[in-house]
Amino acid sequence: MGVRAELHTTGNGVEQVYSLDVPRFSVGRTKENSLKVPDASISRNHAEVIRLGDDFLLRDLGSTNGSYVNGTRISEQLLHDGDVVSFGPHGQEFRFTRLDKEGLRTDSGVWRPPETGGLIESLSGRLNSTTGDVREEASLRCVLAEAYLSKGNFKEALRLLARYADPTALLSLPLSYRASVLLWLGRAQVEGKQRQIAVETLERSLNLANKESDENAAAEAHASLGHAKMGLRDLLAARDHLNRSMLTARRGGNARLGSEVHLWLGKVDWKDGDFDGALYNWTRAARLAEGLNAPPLQARVQMQQAFVLYAEGKLKEAVPAYEAAIDRIQAVGNIALLLKAYSSLSRALVRLGRGAAGRGAGLAVLVGVGLHLEVVGDVLDARQVLDAVLGDPLHADIVVLDEERQVRLVGDPVVDLLGVRGTELRIGGDRAGRRDGECGAGESKSCRESHAGFPPFF
């Protein structure tokens, strides 16, 4: 490699230098980390610097007090020569230095977006120009898979990690890297509704993490197993995995993981009929997420808060809550979650008797895992919800194809709904199809409300 990097800090008048010459350089308060910071404000597994070719990516690991670059709290960011890094808002400062093979300070000079959304554009091309270090390539694929999942694109995440279905490729990695690859592969499988396969993948990840005595990796695997088991309706096993993950999150000060686990525990409680338990967990999830720089997680938490208002019958408060969630989700760029948010907003408006007014007027309703149009009040047109998602008016007929899980726009590019399945449906002119037993435009308000139910997000 032509480039190397270091972290420089000064303590008690003495300069200390930490070389970032490993694929992953970890920071935390326990002795297992590459850089041990014996400070109570630092989480056990606080952050890591991942080498990606000639780039170095700083990632916060869900710490309670955060990681900072030049005074700004970040979730992950590509570092540039001269950046000042600190762990916690008032933590010791480290200056990131990038050196060429002659030992001279250097930077690539290429501007890169600082946040996750820009990582896809910044790093995708590096898959064809890695150094040959299998650890570095695995890290790169996992980082990109996570970025795609944050946007709801599980297909691309699965494609990136597909090579590790080959036992030879997987066995070429050290145990900790195998655990990480299988974790993200399992998460992509969960999002793709391949839950039984995901359970097997995540159990392998958990076993490898336990062999490495990596508590943080094991906790992440337990959380994802809880999510998968919940989808399989095995609520007892789901709760067990999530509680195991929560114990480690609390002990290690991992606020991001704690928030995510509370979110899923709330869903388990709800499915068990325990509304008070669900409300407690969702409130805890929201409080833990407040101080984080984790937009995808915060968008999901905000959606859940809106759902609570909806479930409590506070529809006038639920509508602006859904609208605020939609704004956040649009910023994240998660199309699948955005469709669910618009669907939920539409239902809230229908129950308020405002189906033909407001921001959600005329939106198609997505129910369960199937995409179809539900006629409530006025005839609804799927084109309008896609206009809102895409940001541009459509000039085409729309065909939903179940086997391809795509919406084809005649005369426009194909829009992939990222795994949302639907019945075959053609929309043209002024009418839209509906399922048997659902309410039509001329049917009673009580009929419409009886089919409104809870938002499909839940």
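Okay, residues lined up against (1) among the aliphatic types (A, V, I, L, M); (2) touching a Lys or Arg at 6+ places or on another chain (Cβ under 7 Å); (3) over 18 Å from Val143 (Cα atoms):
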| position | (1), (2), (3) |
| --- | --- |
| Arg24 | no, no, no |
| Lys31 | no, no, yes |
| Ile42 | yes, yes, yes |
| Leu57 | yes, no, no |
| Gly71 | no, no, yes |
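Let me confirm something: among Leu208, Leu232, Leu236, which residue is buried (at least 16 other Cβ atoms within 10 Å of the Cβ), at pLDDT 95 or above and not small (Gly, Ala, Ser)? Checking each option against the conditions leaves just Leu208. For segment 301-314, the set of residues classified as in a helix (DSSP H, G or I) and open to solvent by 20 Å² or more (accessible area, probe 1.4 Å) consists of Gln302, Gln305, Leu309, Ala311, listed by residue number.
Suppose we filter Arg347, Arg287, Arg328 for residues that are of a type in the set (Lys, Arg) and buried (at least 23 other Cβ atoms within 10 Å of the Cβ); which single one remains? Break it down into steps so the answer makes sense when it comes.
Values: Arg287 fails: buried (at least 23 other Cβ atoms within 10 Å of the Cβ); Arg328 fails: buried (at least 23 other Cβ atoms within 10 Å of the Cβ).
Answer to the selection: Arg347.
The residues on offer are Ser245, Ser259, and the sole one that is out of contact with any Gly (no Cβ under 7 Å at 6 or more places or on another chain), open to solvent by less than 10 Å² (accessible area, probe 1.4 Å) and modelled with pLDDT of 95 or more is Ser259. In segment 155-179, of all residues being within 16 Å of the chain's Cα centre (by Cα) and open to solvent by 10 Å² or more (accessible area, probe 1.4 Å), the one that is farthest from Met230 (Cα to Cα) corresponds to Glu156.
Quick check on this structure: which one of Thr64, Thr97, Thr72 is free of Cβ contacts under 8 Å to residues at least 12 places away in the same chain and polar (S, T, N, Q)?
On the way: Thr64 fails: free of Cβ contacts under 8 Å to residues at least 12 places away in the same chain; Thr97 fails: free of Cβ contacts under 8 Å to residues at least 12 places away in the same chain.
So the residue among Thr64, Thr97, Thr72 that is free of Cβ contacts under 8 Å to residues at least 12 places away in the same chain and polar (S, T, N, Q) is Thr72.
Applying the set (1) farther than 21 Å from Ala40 by Cα; (2) open to solvent by 10 Å² or more (accessible area, probe 1.4 Å); (3) among the aliphatic types (A, V, I, L, M) to Leu292 leaves exactly one unmet item: (1).
What are the residues in segment 6-33 that are buried (at least 16 other Cβ atoms within 10 Å of the Cβ) and of a type in the set (Ser, Thr, Tyr), if any? Answer for segment 6-33, where residues must be buried (at least 16 other Cβ atoms within 10 Å of the Cβ) and of a type in the set (Ser, Thr, Tyr): Thr9, Tyr18, Ser26, Thr30. Can we say Lys193 is of a type in the set (D, E, K, R), open to solvent by 30 Å² or more (accessible area, probe 1.4 Å), at positive phi and at pLDDT 90 or above? It is true that Lys193 is of a type in the set (D, E, K, R), open to solvent by 30 Å² or more (accessible area, probe 1.4 Å), at positive phi and at pLDDT 90 or above.
Among the residues of segment 35-72, those identified as open to solvent by 60 Å² or more (accessible area, probe 1.4 Å) and among the hydroxyl-bearing types (Ser, Thr, Tyr) are Thr64, Thr72. Looking at segment 163-270, the helices (runs of 4 or more DSSP H) lying wholly inside it that each contain 2 or more residues that are touching a residue at least 40 places away in the same chain (Cβ under 8 Å) sit at 175-191, 215-231, 235-252.
Is it the case that Glu220 is among the acidic types (Asp, Glu), modelled with pLDDT of 95 or more and under 19 Å from the mean Cα position of the chain (by Cα)? Full working, then the answer.
Values: among the acidic types (Asp, Glu): yes; modelled with pLDDT of 95 or more: yes; under 19 Å from the mean Cα position of the chain (by Cα): yes.
Criteria met by Glu220.
The values are calculated or read from the model by the stated rules, or taken from the named source; none is laboratory data. It should be emphasised that the depicted structure is a prediction, and the values quoted were computed from it without experimental measurement. Every residue, glycine among them, receives a Cβ derived from its backbone with ideal geometry; neighbour counts consider all protein chains shown. Just so you know, the surface numbers come from the protein's heavy atoms only, side chains and all, with ligands and any DNA or RNA stripped out. Shrake-Rupley method; radii C 1.70, N 1.55, O 1.52, S 1.80 Å.
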